[in-house]
1. Answer yes or no as to whether I90 is of a type in the set (A, V, I, L, M) and either modelled with pLDDT under 85 or out of contact with any Lys or Arg (no Cβ under 7 Å at 6 or more places or on another chain) (or both).
2. Within the range 162-176, can you find the residues that are open to solvent by 70 Å² or more (accessible area, probe 1.4 Å) and farther than 17 Å from Q20 by Cβ?
3. Quick one: D87 ticks every box in (1) of a type outside the set (G, A, S); (2) open to solvent by 60 Å² or more (accessible area, probe 1.4 Å); (3) under 30 Å from L144 (Cβ atoms) except a single one, so which number is it?
4. Identify, please: which residue in the range 106-154 is small (G, A, S) and surrounded by fewer than 17 Cβ atoms within 10 Å (Cβ to Cβ) and is, among those, modelled with the highest pLDDT?
5. Every residue in the range 16-60 that is under 26 Å from N116 (Cα atoms), open to solvent by 40 Å² or more (accessible area, probe 1.4 Å) and in contact (Cβ under 8 Å) with a residue 24 or more places away in the chain, please.
6. Going through M184, M195 one at a time, which residue ends up being of a type in the set (A, V, I, L, M), farther than 24 Å from P146 by Cα, more than 17 Å from the chain's Cα centre (by Cα) and surrounded by 12 or more Cβ atoms within 10 Å (Cβ to Cβ)?
Amino acid sequence: MKTISTENTILEAAKTIFLQKGFAGARMQEIADEAKINKSMLHYYFRNKEQLFGRIMKDSVSIIIPKFVAILDSEDSVIHKFERLVDGYIDTIIANPHIPMFLLNEISQNRVQYMNEAKEKMMEHGTFQSFMMQIVQEQQQGVLNPLPPQHVMLTVMSLIVFPFMAKPIFKNMLEIPETIYTQMMLERKPIVKKMLKDILVK
């Protein structure tokens, strides 16, 4: 009989191996060894590497998207929503460091299933469209600078997401220990918020 604890152990082991080796380099035997189970037991829970990756990817989407939707659906101003996105994303990725790599792998392999699921969740009830309209409205009201909303979103998400996506490069080039890099990400919160206010608010 399958147990949740064994399944969770496998998932955590898979995250570790995928982070170390990437999807292409990871082997089911390595995941089994990391989980301290035999390979037959691993296949009992997950038939292959693709299914295991897919489960983690689906869980990753379910961690991020509801938080984003809740923020965008709130009654806050645009800049306050962006500030909450900064805090929410940075805290979430620090707690779930596997997520950026899994998203990158999904994009690089041109597998759109989970990206489409994320998009559908963001589009539910018109959440994302309403937020884009709010940006335009606050620009028309003179609260925000008149910048193309699509570029506003690209700029905001780049400031938040890129440091995590590029983490392996920066850690290697600058020889930054993991704990120091995490501290840098926490220090980015007020820095990014100030940058966004300087760029967006009139």
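1. no
2. F162, F170, M173, L174, E175
3. (2)
4. Within the range 106-154, the subset small (G, A, S) is 108, 118, 126, 130, 142.
Add one more test, that the residue is surrounded by fewer than 17 Cβ atoms within 10 Å (Cβ to Cβ), and what stays is 108, 126, 130, 142.
On the way: S108: 64, G126: 81, S130: 93, G142: 97.
The extreme case among them is G142.
5. Hits for the range 16-60 are L19, R55, K58, D59.
6. Working: M195 fails: farther than 24 Å from P146 by Cα.
Sole residue among the options that is of a type in the set (A, V, I, L, M), farther than 24 Å from P146 by Cα, more than 17 Å from the chain's Cα centre (by Cα) and surrounded by 12 or more Cβ atoms within 10 Å (Cβ to Cβ): M184.
The values are calculated or read from the model by the stated rules, or taken from the named source; none is laboratory data. On a predicted model such as this, the values are computed, not experimentally measured, just so you know. Backbone-built Cβ (ideal geometry, glycine too); neighbour counts: all protein chains shown. Protein only, heavy atoms only, side chains kept; ligands, DNA and RNA dropped before computing areas. Shrake-Rupley method; radii C 1.70, N 1.55, O 1.52, S 1.80 Å.
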